[in-house]
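What follows is one structure encoded as structure tokens, with my remarks underneath.
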Amino acid sequence: MPAGTNGAATEELTVEELASYGLTLEEFNKVRNSESPSDFGGLPSSGDTDQLWLDAAVFEYEVATSDSSDRASTSSGYHPYLVCSTYPGLSGKQREAQIDAIFQNTPNVSASHYYTSGNIFHNNDDISCGTLRAYNDTIAKVYESNPNATEYMSVNPLHPSMKMAENTVEIMESWFEGEDAGDVVTIGSDSGNSDEQIQVKTLGLHMILCPGVQDFEVEDVPDDEIADDVKSFVTEDGGNTVKEMSFYYHRVSGMDGKNAVHTERMGQWSEAISQVTNWTKDDGSNDCLDSIIGENMSFVVKQRILEVNAKMSFWEGKKLIQSLGRTQDDLNTCIWYMTYALALDPMVCTLEPRTSVKTLCKNGSSDLSQCSEVDAVVPPAADAASGRIEVGPWKMNIAVMTLLVSLFGGVIV
């Protein structure tokens, strides 16, 4: 049946009805390997898990429609969604074109209300899926005007666990425990002195931006502006923006009712949010948000990729923590907060940890101009390259400060 003629328009849909039109957790797991099974798993019954999954979707729809007065490119009113089609007998491109036509032909939905970019990431004979970014109640209007679309089109608002690649937490934990990180890769120097520089493996966060972030309202948004916007989302208002937009925090803190079901993993993410926001002082300053992330993390956008990495070495990070009067546990908490906040950002569609190589002076400094200083203080080799420091709730060890800060900054390369 042609797009836009799928049946008579229905009355206004509730967010609960919209949530029911999305993929179930079991169905989603078949199209993307993510952290969702871990974040939503471990409950006594599958019924509890299914309801928690629906509740998360309802919350995200409410977030999307709560900022309808904000039309800025950074607004949470422009929410990312997973859109899938099971229309029989069509190729992935044909399904994509059909979905696009449905949106185009929906009354009161303009081209500036949604963004796609030919980004099908899962496609087979049975189902084709991609992401889009839509404004306010656009999804509701589409379903209301095309009620029969529920037979073949599913839409899920993307929340953090859906964006995180499978094993993100496990990879970070292994790195922190020193099982796969921190080793010196090579030793060398452009000046010919092989004792001056070392190269170490580091961990960072690698993210793909959502459609419509770089070409918002047909404007070519500068990469630096996007990077600054993401950084602001993570660090602004003492972390309260992240807290208010987090389903996990609402659920665990009892804002959804004292007996609201949640998982252990949700509790861990929520605890990181609570601790970091509680660090905000009367003057508005916050050691995690201002010093660790704001001043010592690098946010770089290139094409559709956002990468966040630490500017410091492990040794330099250790000195920073001491100067702030903080502990390694505090630093760990800050990193987990940052990782979650990046995945929560409405401009980010995917997040995964990646390793890279960073060049340091042999004394552990990331300022390579210091490498030739004969009187430089030389820290223990373990500190410079693979020192492990015990940290926090997830029993992690920090192998290299670059890794540690990268995670807190939002993305690892």
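The values are calculated or read from the model by the stated rules, or taken from the named source; none is laboratory data. Please read these numbers as outputs of a predicted model, since none were measured by experiment. All Cβ positions, glycine included, derive from the backbone under ideal geometry; neighbour counts span all protein chains shown. The protein model used for the area step is the full one, side chains on, heavy atoms only, and it has no ligands, DNA or RNA in it. Shrake-Rupley method; radii C 1.70, N 1.55, O 1.52, S 1.80 Å.
A few points about this structure:
- Filtering segment 248-276 to residues that are in contact (Cβ under 8 Å) with a residue 60 or more places away in the chain, open to solvent by 10 Å² or more (accessible area, probe 1.4 Å) and in a helix (DSSP H, G or I) leaves 250, 251, 264, 265, 268, 271, 275.
- Filter result for residue 350 (open to solvent by less than 50 Å² (accessible area, probe 1.4 Å), modelled with pLDDT of 90 or more and assigned to a strand (DSSP E or B)): yes
- Within segment 171-186, one or more residues are open to solvent by 10 Å² or more (accessible area, probe 1.4 Å), hydrophobic (A, V, I, L, M, F, W, C), modelled with pLDDT of 85 or more and farther than 21 Å from residue 64 by Cα.
- Every condition in (1) at pLDDT below 95; (2) more than 17 Å from the chain's Cα centre (by Cα) holds for residue 288 except the one numbered (1).
- Within segment 79-116, the residues that satisfy the criterion of being touching a strand residue (DSSP E or B) at 6+ places or on another chain (Cβ under 7 Å), surrounded by fewer than 23 Cβ atoms within 10 Å (Cβ to Cβ) and at pLDDT below 90 are 113, 115, 116.
- In this structure, residue 323 does satisfy being part of a helix (DSSP H, G or I), open to solvent by 60 Å² or more (accessible area, probe 1.4 Å) and in contact with a Ser or Thr (Cβ under 9 Å, 6 or more places away or on another chain).
- Just one of (1) open to solvent by 10 Å² or more (accessible area, probe 1.4 Å); (2) not in a loop (DSSP other than H, G, I, E, B) fails for residue 281. It is (2).
- Residues of segment 339-370 classified as closer than 30 Å to residue 120 by Cβ and out of contact with any strand residue (DSSP E or B) (no Cβ under 7 Å at 6 or more places or on another chain), total: 4
- Selected residue (only one of 38, 76 is at pLDDT below 95 and either closer than 21 Å to residue 343 by Cα or part of a helix (DSSP H, G or I) (or both)): 76
- Residue count for segment 284-308, restricted to those that are touching a Ser or Thr at 6+ places or on another chain (Cβ under 6 Å) and open to solvent by 30 Å² or more (accessible area, probe 1.4 Å): 0
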